[in-house]
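The values are calculated or read from the model by the stated rules, or taken from the named source; none is laboratory data. Here the structure is a predicted model, which means the values were calculated and not measured. Virtual Cβ from ideal backbone geometry, glycine too; neighbours counted across all protein chains shown.
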Amino acid sequence: MRHPKLIIAGIGLAAVAAAAGGATVAAAAAGPAAGNAATGHNAAATVRTASATVAGKTETILVNSGGRPLYFYRPDTAAKSLVTGGVAALWPALTAAAPTAAGATGTLTVVNDTHGQQVAYNGHLLYTFISDHAGQVTGQGVQNFFVATPGLTPIASSPAPAGTVPAAPGAGGYGY
């Protein structure tokens with residue numbers, strides 16, 4: 001075989017998705033096609049809501065313009081992404097110069113970081129999961145990523161001081 005690492009990585013992703021107990025998005029409003037799936041980039045990304053089954057319960061979650069679920073990474077700060085290397089390859093950042101919100105009442109901002117112009121919702125930097133497709137939620141709780149919801153509690157706009165651990169997100173962000 002010419003690419004055994006690629007095959008092993010694919011098997012690992014399938015195992016992670018199976019262990020997460022994949023969920024399905026039940027309904028999503030129509031929208032423009034998603035940006036580049038590999039990078040999560042879309043010049044004018046729209047963050048919108050959709051109903052989804054997450055951990056056995058129907059919830060309202062945030063999705064991108066292509067209907068793919070959006071996640072936040074618990075260790076991130078409002079000003080800095082801590083997603084790098086191989087993790088960043090599996091969890092592409094949602095990036096856009098001018099994101100818009102449809103059905104989500106929180107605050108959308110753009111943070112210039114290592115991923116470029118990364119979109120944040122209530123201070124939580126947003127990501128997609130490469131194993132997800134529109135209508136699918138498979139990354140809940142995987143590698144400390146959690147599905148973003150409209151009720152996601154805002155976090156401070158400045159990073160935590162060195163040596164402290166940021167507080168866990170409040171209810172509604174699936175950060176249990």
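Before moving on, here are some points about what is shown:
- The strands (runs of 3 or more DSSP E) found wholly in the stretch 52-126 and carrying at least 2 residues that are surrounded by 24 or more Cβ atoms within 10 Å (Cβ to Cβ) and not aromatic (Phe, Trp, Tyr) occupy 57-63, 116-121.
- Selected residue (criterion: farthest from the chain's Cα centre (by Cα)) from residues of the stretch 142-167 that are modelled with pLDDT under 80 and of a type in the set (A, V, I, L, M): Ala162
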